[in-house]
Amino acid sequence: MKKLYVILINSETYFTKFLRVFTKCQYNHVVFTFDEDCKNMYTYARWITWMPVLAGFEIENINKGVLRKKPLSECRVYEIDITHKEYFHLRKKLRPFLTKPKIYHWYNFLALFCMQLNLPYYSETSFVCSTFVAYMLRDILGFEKTFLRIKPNDYLELELPLVFEGKLANYIEEKKKTV
């Protein structure tokens, strides 16, 4: 068995505060990782810390970007057991995002508005964080609706195995002590 981690984050940036006005979600950012210590977290997020409009597929970690500036972001960490077959399937599905230039994977701002109207909006190369994680993990998580309509709060309804709730920096520190 392998482990997969889904993490809901509330970074309290101006952009996430703006999103909360529309989404009414406690958490407005979702990532997934294979690393217990969150070394490489895969998501759609801003590329430049101070510029939320320049965004797309990103490999986040606690030592760079928004998470470096906001280490006390509230989070919920879920740990999911996956088979070796599921693990290799996910790695294969992730490969195009890792190998194509960033410019190919833009953040889907239009989808944010469509989601609020409950309208699916599909693009092969652009997502928002919640739809990207749902797209990648749809065979594992078992959402009852299409990945195009998944919002961060939908992850709370899945009843995934919660292993941590609190400050992201505290979770990372706790993992460093156990390694």
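For the chain, what is the mean residue ellipticity at 222 nm derived from helices alone (per DSSP H run of n ≥ 4: -39500 (n - 2.57); sum divided by total residues; nearest 500 deg cm²/dmol)?
Theoretical 222 nm ellipticity from helices: -11000 deg cm²/dmol.
Can you work out the FRET efficiency for the pair residue 83 and residue 153, with r the C-beta to C-beta distance and R0 = 45 Å, to the nearest 0.05? Plugging the Cβ-Cβ distance into 1/(1 + (r/R0)^6) gives 0.95.
Computed over protein heavy atoms with a 1.4 Å probe, the carbon and sulfur contribution to the accessible area of the chain reaches 56%.
Could you pull out every whole DSSP H run in the chain that spans at least 30 Å of Cα extent along its own axis and averages -1.0 or higher on the Kyte-Doolittle scale? Could the numbers behind the result be given before it?
On the way: long enough: none.
What comes out of the filter, once short or polar helices are dropped, is none.
Heavy-atom accessible surface of the chain, averaged per residue, reaches 54 Å², computed with a 1.4 Å probe.
Using all pairs of distinct alpha-carbon atoms, the Kirkwood hydrodynamic radius of the chain works out to 16.4 angstrom.
Computed on the Cα trace of the stretch 1-86, the radius of gyration divided by the Kirkwood hydrodynamic radius gives Rg/Rh = 0.99. Taking N as the residue count of the stretch 137-179, its C-alpha radius of gyration divided by 2.2 N^0.38 Å amounts to 1.52.
Separation of the alpha carbons by more than 31 angstrom is noted, of 17/102; 24/177; 92/145; 2/24; 24/176, for 24/177; 2/24; 24/176.
Each Cα pair under 8 Å and six or more residues apart adds its separation to the average, and for the chain the resulting relative contact order is 27 percent. For the stretch 1-100, relative contact order (Cα pairs under 8 Å, six or more residues apart, normalised by length) works out to 34 percent.
The values are calculated or read from the model by the stated rules, or taken from the named source; none is laboratory data. The shown structure was predicted, so the numbers you read here are calculated from the model rather than taken from an experiment. Because the Cβ atoms are built from the backbone with ideal geometry, glycine has one as well, and the counts that use them run over all protein chains shown. Surface accessibility is based on the protein's heavy atoms, side chains included, excluding ligands, DNA and RNA. Shrake-Rupley method; radii C 1.70, N 1.55, O 1.52, S 1.80 Å.
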